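Data block below; observations after.
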Amino acid sequence: MISIQQFTFNQFQENTFVLFDETKEAIIIDPGCYSPQEKEVLKAFIEQNDLKVVRLINTHCHIDHVLGNKFVKDTYNVKLEAHRIEAEQLNQVPLYAPSYGFGGYDATTVDVFIDEKTDITFGNSTLKTLFVPGHSPGHLAFYSAEQKFCINGDVLFLQSIGRTDLPGGSMEVLRDSIQNVMYKLPDDTKIYCGHGNPTMIGFEKKNNQFIREI
């Protein structure tokens, strides 16, 4: 049984997720922790729950989702995993980080490339990887059919969608990802978003003002 802990970090109010099961093995998805205080919050939770971090994964590599990558890699001796296309996105972050007020950003690189053929395993648990580009060209999401949830980064939000005006973004591609991947998930699938509150697939199909299906 997977447990999910959400943290909201940095000035973009980005959601970082720690997933773990009864084995105490854990994965961290999109660590947005930047300040020493934010890093300590994440570290304290892991220590207090006696977790062993075994994987570090980015849904995509925009700055708000990667600020804590180096901290997690160094603290827990894990490799960074992301889609191959996102490696270039990550390489660009040091060039613009200071302009967003993140002059202390610690750069790192993707160590392991994953895609929709890669199952994410930890402990006794497995997540299916979904390829959902549009907000970012190599965007991934992570789905549990058994527990009916999906960590979807910045693809789908509560009555909204990810922006497409950043480099590599495409409204046409994002629409296809939502209609032909996300909206194909069962209606009772809970969506954990990269910003804001969770939502449900069925609710979004009826109420999302940008991409409505029902």
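The values are calculated or read from the model by the stated rules, or taken from the named source; none is laboratory data. The model shown is predicted, which means the values in this text are computed figures rather than measured ones. Quick reminder, even Gly has a Cβ in these numbers, built from the backbone with ideal geometry, and neighbours come from all protein chains shown. For accessibility, only protein heavy atoms count, side chains too; no ligands or nucleic acids. Shrake-Rupley method; radii C 1.70, N 1.55, O 1.52, S 1.80 Å.
Points to keep in mind about this one:
- For segment 146-158, the count of residues that are open to solvent by 30 Å² or more (accessible area, probe 1.4 Å) and at positive phi is nonzero.
- Extreme residue, surrounded by the fewest Cβ atoms within 10 Å (Cβ to Cβ), among residues of segment 28-63 that are of a type in the set (Val, Ile, Thr) and more than 29 Å from Ile85 (Cα to Cα): Val41
- Verdict on Gly134 being at positive phi and either over 14 Å from the mean Cα position of the chain (by Cα) or in contact (Cβ under 8 Å) with a residue 12 or more places away in the chain (or both): yes
- Residues in segment 9-61 that are of a type in the set (Phe, Trp, Tyr) and in contact with a helix residue (DSSP H, G or I) (Cβ under 8 Å, 6 or more places away or on another chain): Phe9, Phe12.
- Contact annotation: residue pairs with Cβ atoms under 6 Å, 6 or more positions apart or on different chains, pairing a residue in segment 84-113 that is modelled with pLDDT of 95 or more with a partner that is small (Gly, Ala, Ser), are Ile85/Gly138; Glu86/Gly138; Pro94/Ala107; Tyr105/Ala97; Val110/Ala82; Val110/Ala87.
- From Glu25, Glu14, residue being crowded, with 16+ Cβ neighbours inside 10 Å and under 13 Å from the mean Cα position of the chain (by Cα): Glu14
- Residue satisfying condition, being closer than 30 Å to Ser160 by Cα and either open to solvent by 20 Å² or more (accessible area, probe 1.4 Å) or of a type in the set (Lys, Arg) (or both), within set Ser99, Ser136: Ser99
- Selected residue (criterion: farthest from Ile28 (Cα to Cα)) from residues of segment 159-214 that are under 16 Å from the mean Cα position of the chain (by Cα) and of a type in the set (Ser, Thr, Tyr): Ser177
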